[in-house]
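A quick write-up on the structure given underneath.
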Amino acid sequence: MKQELRVNPQVTLHMTRYPRTFEATFDGRRDLGIRSERSGPGELKIVQVLAQGAISISNHQWVVQRKYHRVIKRGMFIVKVNETSEAHLMESELRKAQQLTLLVRRGRDTSEARNFDDCFVQTLHYIRDLGVCWGWRWRPDHPGSAANSD
């Protein structure tokens, strides 16, 4: 990869931005297979997705279909269950409803965000060290450079 980047004068970067919230529907008679905790008056934080359960099965199906934006992971938040948006009522609804429609909001733990940011910055530094960045020569005095981002 390093050799290719040195030889090829052009780099194409594809980025995907997932929607901030999405809906997921489940049969309420089957255990969802998550552990959650109240994170505020109107949300439940998913602290664990168990290997067994409806969400795990659903996640596997979404991955097979390459629809990664539909996967429910630890650190996400449930902000609505059916038409209920209060945490204590959502917990009750999760236990008793026959059909569940969850509104899920993306969220990252601080450690995950830091790791993502570090990885992104390292990638940018690597491109900078090659001497070319997005079609222009890297200049430390450029207004968009890391040296001037204070």
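State which residue pairs qualify: first residue on the phi > 0 side of the Ramachandran plot and inside the stretch 48-68, second residue buried (at least 16 other Cβ atoms within 10 Å of the Cβ) in any location, beta carbons under 9 Å apart, and separation of 6 or more residues or different chains.
Final answer for the pair search is 53/32; 53/33; 53/34.
Only one of 6, 30, 35 is outside the structural domain of residue 57 (by TED's automatic domain parsing) and in contact (Cβ under 8 Å) with a residue 12 or more places away in the chain; which?
Values: 30 fails: outside the structural domain of residue 57 (by TED's automatic domain parsing); 35 fails: outside the structural domain of residue 57 (by TED's automatic domain parsing).
Result: 6 is the single residue among 6, 30, 35 that is outside the structural domain of residue 57 (by TED's automatic domain parsing) and in contact (Cβ under 8 Å) with a residue 12 or more places away in the chain.
Across the stretch 11-50, which residue is nearest to the chain's Cα centre (by Cα) among those that are farther than 19 Å from residue 69 by Cβ and of a type in the set (Asp, Glu)?
43
The rows are residues; the columns are (1) touching a Gly at 6+ places or on another chain (Cβ under 7 Å); (2) at pLDDT 90 or above; (3) more than 20 Å from residue 106 (Cβ to Cβ); (4) not polar (S, T, N, Q).
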position	(1), (2), (3), (4)
2	no, no, yes, yes
8	no, no, yes, no
38	no, yes, no, yes
43	no, yes, no, yes
57	no, yes, yes, yes
71	no, yes, no, yes
87	yes, yes, no, yes
91	no, yes, yes, yes
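Identify all residues within the stretch 1-44 that are within 19 Å of residue 84 (Cβ to Cβ) and in a helix (DSSP H, G or I); write none if there are none.
If the condition is that a residue be within 19 Å of residue 84 (Cβ to Cβ) and in a helix (DSSP H, G or I), then no residue fits.
Quick one: in the stretch 69-78, which of the residues that are surrounded by 13 or more Cβ atoms within 10 Å (Cβ to Cβ) and in contact (Cβ under 8 Å) with a residue 40 or more places away in the chain is farthest from residue 18 (Cα to Cα)? Break it down stepwise before answering.
Going residue by residue through the stretch 69-78, those that are surrounded by 13 or more Cβ atoms within 10 Å (Cβ to Cβ) are 70-78.
Okay, now just the ones that are also in contact (Cβ under 8 Å) with a residue 40 or more places away in the chain, so 70, 72, 78.
Details: 70: 9, 72: 12, 78: 16 Å.
Of everything passing the filter in the stretch 69-78, 78 is farthest from residue 18 (Cα to Cα).
The values are calculated or read from the model by the stated rules, or taken from the named source; none is laboratory data. Source: prediction; values computed, not measured. Virtual Cβ from ideal backbone geometry, glycine too; neighbours counted across all protein chains shown.
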